[in-house]
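Input: a single structure, listed below in structure tokens.
Since every read-out is calculated from the coordinates, none of them should be taken as a lab result. Predicted model only: the values in this text are computed from it and were never measured.
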Amino acid sequence: MLINRTHLSVLLFLGAVAQTYACGGPTTVICYDGSNGSTPQNVSLSDIAFAAEYLRYIGQSNAGTSKAFWTQPADFDCQEWELPTDDDGTVLPLADHNNPRSSSSVLYTDIANAIDGGQGATAAQQAKALIGACGTNGGQIGVTPNTTDPAYTSASYKSSGDIPQGIIVKIVHSPSS
């Protein structure tokens, strides 16, 4: 779902990095920990983990199809979109496109891995992901695709013209909780 004006107002109020910046935002970890004008999001770690597991479930349930991918088309506004999760509690997971000239498409599993470090992640892997790096503060990170996954070399992916980069995942506080 495209973030509407109400959601954007809430996000701006919370101090989360919103869609008003120019395209090409950083893909490194940024935690909403009070620095650089950000506001801690006070999200539950279990809700973050649930959102990651739900996204992983979507990807695994749709393996071998185009529905295993989150795709954001070329768009001059580099808009934020709400990721399709269910009953997130305190978490509102967002995807932000940072490349206006390309249609970007990554596996839901790769988005989940950016959030929690991967299924069965080690402490070191979790520390590099949003859940470990930012904790309850929430934050954002560029999604790193596992380009060794055969889905990225499939004929349908190649013919799509999509690229496996340019998507940032964000964890912010849900306005509904």
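Brief remarks on what is shown
- Those lysines that a straight Cα-Cα span of less than 17 Å connects to K128, excepting residues fewer than 8 apart in one chain: K170
- Nearest 10 degrees, 0 to 90: helix 5-14 Cα axis against the chain principal axis: 60 degrees
- Taking a ≥ b ≥ c as the square roots of the eigenvalues of the alpha carbon gyration tensor, segment 42-176 is prolate, as a/c is not under 1.5 and a/b beats b/c.
- Cα-based reach from K67 at 20 Å (exclusive), listing lysines while leaving out same-chain residues under 8 positions away: K158
- C-alpha long axis of helix 45-61 to longest principal axis of the chain, angle in °: 20 degrees
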